Amino acid sequence: MEEKKKKKVDFNIIKNDPTEGHGGFGVGTLSLDNVTPVMIDVDAGEASIEVGAMHARSPVEKGIKFLKSKEEVPNGKPYWLIWVTIDRKEGGAYYAGVTACEMTVDREIRRGYKSLPEHVNRMDKSIKRHIIVDHMDEKSKKVLADFLKNHDAGMWERSAEQLKKDLQAI
């Protein structure tokens, strides 16, 4: 007797509009075209776009086994992974969703801490135009505000006042 295999629908990152012209399979899929991961090195006070972080393959994350408890990585170097979503309105593009996730990495023992569910949920919140940065340390908030302003001052100006207030950059 032949065993029937269930057809499995895998999660795919879809480029452009998957339902353009037909509105069938794929309705409700989120596009990641306008999401950019930004990594903040807390100790160095530096921010950079890390496209590899989209799939947990940034230079910081490569070769690291991530554990579920922060206490298991007591000497971890602190980082913030920021999900930045860009959208357009009448005046032009702006930072629509900005959410921050904590991460620590100890290169010496090749271990780190991050909460994968938190990272996924925060990416989703960013895509849905939420601002979640108020839990960041003050130094990193300033680094992020400066990075976003320097990347595109016009986009910064068109962004929600909540982003500027939460980063204390009004």
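The values are calculated or read from the model by the stated rules, or taken from the named source; none is laboratory data. Nothing here was measured: the structure is a model prediction, and the numbers come from that model. Quick reminder, even Gly has a Cβ in these numbers, built from the backbone with ideal geometry, and neighbours come from all protein chains shown. Accessible surface is based on the protein model in full, side chains and every heavy atom, while ligands, DNA and RNA are left aside. Shrake-Rupley method; radii C 1.70, N 1.55, O 1.52, S 1.80 Å.
Of note:
- Phi angles of segment 131-141 translate, via the Karplus equation with coefficients 6.51, -1.76, 1.60 and θ = phi - 60°, into HN-Hα couplings of 10, 9, 9, 5, 8, 6, 5, 4, 4, 5, 4 Hz per residue; Gly and Pro are given as x.
- Heavy-atom accessible area ranking, 1.4 Å probe, most first, across I132, I82: I132, I82
- Portion, in percent, of the accessible area of segment 33-167 that falls on carbon or sulfur, probe 1.4 Å: 49 percent
- Solvent exposure of segment 33-167 as accessible area per residue, Å², 1.4 Å probe: 52 Å²
- The mean sequence distance of close C-alpha pairs (under 8 Å, at least 6 residues apart), as a share of the length of segment 33-167, puts its relative contact order at 25 percent.
- A prolate overall shape is assigned to segment 33-167, the ratio a/c of its alpha-carbon gyration tensor axes (a ≥ b ≥ c) being 1.5 or greater and a/b exceeding b/c.
- Amide proton proximity set for K77, modelled H, under 5 Å, gap of 5+: V105, D106, R107
- Listed peptides 106-112, 35-41 by packing density, highest first (mean Cβ within 10 Å): 35-41, 106-112
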